[in-house]
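Engineer: Please read through the structure below; I'll follow up with questions.
Every number in this text was worked out from the coordinates using simple rules, so none of it is lab data. These numbers were taken from a predicted model, which means no experiment stands behind them. Positions of Cβ are backbone-derived with ideal geometry, glycine not excepted, and every protein chain shown enters the neighbour counts.
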Amino acid sequence: MPEDEPEVFANYIQLIYTGSIPISGELKVVNTTCATKEAGSEAGQDIELTAFRHVVGEQTMLGKMYVLCEKIQDLQAKNSIRIAMLDSVNQARSNESSYYPHLNVIKEVYAGTLPGDQMRILLANIGVSCGYSEWFPNSETSDYHPDYLLDVVKGMWNRRGLPDNKWRREVKNIRAYPCEELENLIPNED
């Protein structure tokens, strides 16, 4: 498949012949004295950036391998890669941090898979369980695949469950914003 990178295909071949995914799994910090510095220091920031780049590279490779396996319909390899992605997310690194899939990984997987795919479900569940507003300060929602955002919103709503009547008290302050259309939507409690 000409659009697939040779390294991705080579890693896939290694997976099917050896049963292992060629991902290092752990960031090695060479200068251990830097690892003990405060996180806010320049050395601590360098370690954080190095760890982030390492994990993004690792998870990007996993995402690309997964999309390749989707194209050739290798379900066993897809399952192995999905487990490796979850392991990558759950693993505390040498800098004592865990990293969630970068938006480029999410876009890669969502662009190469169909709705309902198990890796999509995993990525959306990570977004629902672990995501926070700081994921958006330097990016727009348009940076994310629209299906991903929809899956995360649906997951959040499902996790919340059906609202009870308390919502009326919570939105009562909306009356502070004069808008006839909204006033007509909110039932009176009288």
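Engineer: Among residues belonging to segment 63-88 that are within 14 Å of the chain's Cα centre (by Cα) and under 18 Å from His145 (Cβ atoms), point out the one that is surrounded by the fewest Cβ atoms within 10 Å (Cβ to Cβ).
Structural biologist: Checking each candidate, the answer is Arg82.
Engineer: Under 6 Å between Cβ atoms, which residue pairs at least 6 apart in sequence (or on different chains) link something in segment 114-131 that is more than 15 Å from Ile83 (Cβ to Cβ) with a partner that is surrounded by fewer than 18 Cβ atoms within 10 Å (Cβ to Cβ)?
Structural biologist: Val128/Met156
Engineer: Evaluate segment 143-155: report whether one residue or more is surrounded by fewer than 13 Cβ atoms within 10 Å (Cβ to Cβ), more than 17 Å from Met85 (Cα to Cα) and among the small types (Gly, Ala, Ser).
Structural biologist: Within segment 143-155, none of the residues are surrounded by fewer than 13 Cβ atoms within 10 Å (Cβ to Cβ), more than 17 Å from Met85 (Cα to Cα) and among the small types (Gly, Ala, Ser).
Engineer: May I ask you to list the residues in segment 69-93 that are in a loop (DSSP other than H, G, I, E, B) and touching a Phe, Trp or Tyr at 6+ places or on another chain (Cβ under 9 Å)?
Structural biologist: Step one: of segment 69-93, the residues in a loop (DSSP other than H, G, I, E, B) are 73-74, 91-93.
Answer for segment 69-93, where residues must be in a loop (DSSP other than H, G, I, E, B) and touching a Phe, Trp or Tyr at 6+ places or on another chain (Cβ under 9 Å): Asp74, Gln91, Arg93.
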